[in-house]
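Here's the structure, in structure tokens; my notes come after.
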Amino acid sequence: MRLLQWLARFCAVLAGVLMTVITLMTCVSLIGRNTTGWTIVGDIELTASAAGAAIALFLPWCQLRRANIMVDFFTVRAAESTQRLLDRFGAFLMAVVMALMCWRSAIGGASAWVSHSGSMMLGFPEWIVYSLIVPPLALCAAIALVQALRGFDVEVAP
């Protein structure tokens, strides 16, 4: 589990750096657009692509910390053992969904590679975004599977 923790933390830091770069690029583009008329061409495309990758990169840390939204309205009065069982089942479902998203994203990336598809303004290759999305989805699936099999008793350092 330590390796998964380290990888999840690395992904979260990478996502934070990516979001910081996006923010700085957007500020430069907006200031230039509103003062001198100069702008970064394709800034919206780059922002959308990087934000999608950052969201995927945040997912493993979110799963590790159990920070996903939980609707426990119906189970709040259930026995603790029932709640633990349902939490583990939810983690298993999360592992399945993340594995499916990983698989389909990998296929989408391969398709983008073969077709040489890119963004409209810059022609930025779409396969790059897919290549940034697939590993964190796989990591999130692995973390959720470990949580489903072993439970949530492992302490996660902040």
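On the given criteria, is Phe152 touching a Lys or Arg at 6+ places or on another chain (Cβ under 8 Å), among the aromatic types (Phe, Trp, Tyr) and modelled with pLDDT under 95?
Numbers: touching a Lys or Arg at 6+ places or on another chain (Cβ under 8 Å): yes; among the aromatic types (Phe, Trp, Tyr): yes; modelled with pLDDT under 95: yes.
It is true that Phe152 is touching a Lys or Arg at 6+ places or on another chain (Cβ under 8 Å), among the aromatic types (Phe, Trp, Tyr) and modelled with pLDDT under 95.
So which residues in the stretch 1-30 are among the basic types (Lys, Arg) and either at pLDDT below 95 or not in a helix (DSSP H, G or I) (or both), if there are any at all? Let's see the steps before the verdict.
At the first step, the residues of the stretch 1-30 found to be among the basic types (Lys, Arg) are 2, 9.
Within the stretch 1-30, just Arg2 meets the criteria.
Quick check on my filter: what residues within the stretch 63-88 are surrounded by 13 or more Cβ atoms within 10 Å (Cβ to Cβ), out of contact with any Cys (no Cβ under 8 Å at 6 or more places or on another chain) and part of a helix (DSSP H, G or I)?
Scanning the stretch 63-88 gives Leu64, Gln83, Arg84, Leu85, Leu86, Asp87, Arg88.
Given the options Leu139, Leu100, name the one that is without any contact (Cβ under 8 Å) to a residue 24 or more places away in the chain and among the aliphatic types (A, V, I, L, M). Don't jump to the end; show me each part of the working.
Numbers: Leu139 fails: without any contact (Cβ under 8 Å) to a residue 24 or more places away in the chain.
That would be Leu100, the only listed residue that is without any contact (Cβ under 8 Å) to a residue 24 or more places away in the chain and among the aliphatic types (A, V, I, L, M).
Here are Arg33, Arg104: which of them is in a helix (DSSP H, G or I), under 27 Å from Trp6 (Cα atoms), of a type outside the set (Phe, Trp, Tyr) and modelled with pLDDT of 90 or more?
Values: Arg33 fails: under 27 Å from Trp6 (Cα atoms).
Matching residue, one of Arg33, Arg104: Arg104.
Give the number of residues within the stretch 90-146 that are of a type in the set (Val, Ile, Thr) and in contact with a Gly (Cβ under 8 Å, 6 or more places away or on another chain).
Total satisfying the criteria: 3.
Might you let me know whether the stretch 113-123 holds any residue that is more than 15 Å from Leu93 (Cβ to Cβ), surrounded by 16 or more Cβ atoms within 10 Å (Cβ to Cβ) and at pLDDT below 95?
Within the stretch 113-123, the first condition is being more than 15 Å from Leu93 (Cβ to Cβ), and the residues that meet it are 113-123.
Restricting the remaining residues to those that are surrounded by 16 or more Cβ atoms within 10 Å (Cβ to Cβ) gives 119.
Then keep just the ones that are at pLDDT below 95; that gives 119.
Yes, the stretch 113-123 contains at least one residue that is more than 15 Å from Leu93 (Cβ to Cβ), surrounded by 16 or more Cβ atoms within 10 Å (Cβ to Cβ) and at pLDDT below 95.
Any residue in the stretch 1-21 that is under 13 Å from Ala142 (Cα atoms) sitting within a Cβ distance under 6 Å of a residue that is at pLDDT below 95 and not in a helix (DSSP H, G or I)? List the pairs, counting only those 6 or more apart or interchain.
Met1/Val154
Name the single residue, out of those in the stretch 114-158 being in contact with a Pro (Cβ under 8 Å, 6 or more places away or on another chain) and in a helix (DSSP H, G or I), that is farthest from Glu45 (Cα to Cα).
Going residue by residue through the stretch 114-158, those that are in contact with a Pro (Cβ under 8 Å, 6 or more places away or on another chain) are 116-118, 136, 139-140, 143.
Filter once more, so that each one left must be in a helix (DSSP H, G or I): 136, 139-140, 143.
Working: Pro136: 21, Leu139: 26, Cys140: 26, Ile143: 31 Å.
Among residues in the stretch 114-158 that are in contact with a Pro (Cβ under 8 Å, 6 or more places away or on another chain) and in a helix (DSSP H, G or I), the one farthest from Glu45 (Cα to Cα) is Ile143.
The values are calculated or read from the model by the stated rules, or taken from the named source; none is laboratory data. This structure is a prediction, so every number in the text was calculated from the model and none was measured. Cβ coordinates were reconstructed from backbone atoms using ideal geometry, including for glycine residues, and neighbour counts include every protein chain displayed.
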